[in-house]
Amino acid sequence: MLKLAILGFLRDRPMHGYELRRHLAALTGHIRPLSDGTLYPAIKRLETDGLLVRETEPGSTAAPRHTLHLTPAGRAALLERLRTPEQLDISDENRWFTVLAFLRHLDDPAEQAAVLRRRLAFLAEPASFFYEGDRPLGAEEITDPFRSGILLIARATSGAELAWLHDMVATLDAHPHPSVP
């Protein structure tokens, strides 16, 4: 998820590490705080893999700044990751939001729709946070008001997401060429 987010934000525009960290924290920080000990080794690995480069720019009032730029290989890696997200990227809500945040970088509406259809298929599977044996329990079957609340909130969230996904897939299917509004 971190690799995808780094590549996605640098696809938007070059940034220095501190700025990139702020953007990453805004996207995922409320879920998983991002430490320098996580971010900077990830940046170094992406740099070593040739997916990004660091360019030195003169500082206006202080020392020179290092700005991170995506390479052509980095753009290709981002697009491949968006075209074929891992199953966990589809099923885990936080990872899904990261994919969704950068899905616009796929130029082909059919490829975008294919990713959205994978999420739709995942959401169509019966699931719950609570089970009786192998059978998922619904909110109405649980007497604990807090557990029932979890399921009611999840149902409402899933309903909103399903409606949006169906609308978006219909829009992408109606505009099969890259000039989708």
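The values are calculated or read from the model by the stated rules, or taken from the named source; none is laboratory data. Since this is a predicted model, take the numbers as computed values, not measurements. Heads up: the accessible areas ignore ligands, DNA and RNA and are worked out on the full protein's heavy atoms, side chains in. Shrake-Rupley method; radii C 1.70, N 1.55, O 1.52, S 1.80 Å.
Structure notes:
- Interchain or long-range residues, amide H under 5 Å from H16's placed H: L68
- Under-5 Å amide H pairs with F130, H placed in peptide plane, nonlocal only: L137
- Largest-first ordering by accessible area, 1.4 Å probe, given options I150, I6: I150, I6
- Rounded to the nearest 10 Å², the accessible area of Y40 at probe 1.4 Å: 90 Å²
- Residue-normalised accessible area of the chain, given per residue in Å² at a 1.4 Å probe: 58 Å²
- Isotropic mean projected area of the C-alpha convex hull, the range 1-151 (nm²): 12.1 nm²
- Computed from phi, the 3J(HN,Hα) profile of the range 94-106 under the Karplus parametrisation 6.51, -1.76, 1.60 (θ = phi - 60°) reads 5, 5, 4, 4, 5, 4, 4, 4, 10, 4, 4, 6, 6 Hz, with x in place of Gly and Pro.
- The chain, helix-only ellipticity at 222 nm - DSSP H runs n ≥ 4, -39,500 (n - 2.57), divided by all residues, nearest 500: -18500 deg cm²/dmol
- For the range 42-52, putting each phi into the Karplus relation 6.51 cos²θ - 1.76 cosθ + 1.60 with θ = phi - 60° gives couplings of 5, 4, 4, 4, 5, 5, 4, 7, x, 8, 8 Hz, in residue order, rounded to whole numbers and with x for Gly and Pro.
- Here the chain has 58 percent of its accessible surface on carbon and sulfur atoms, given a 1.4 Å probe and all protein chains in place.
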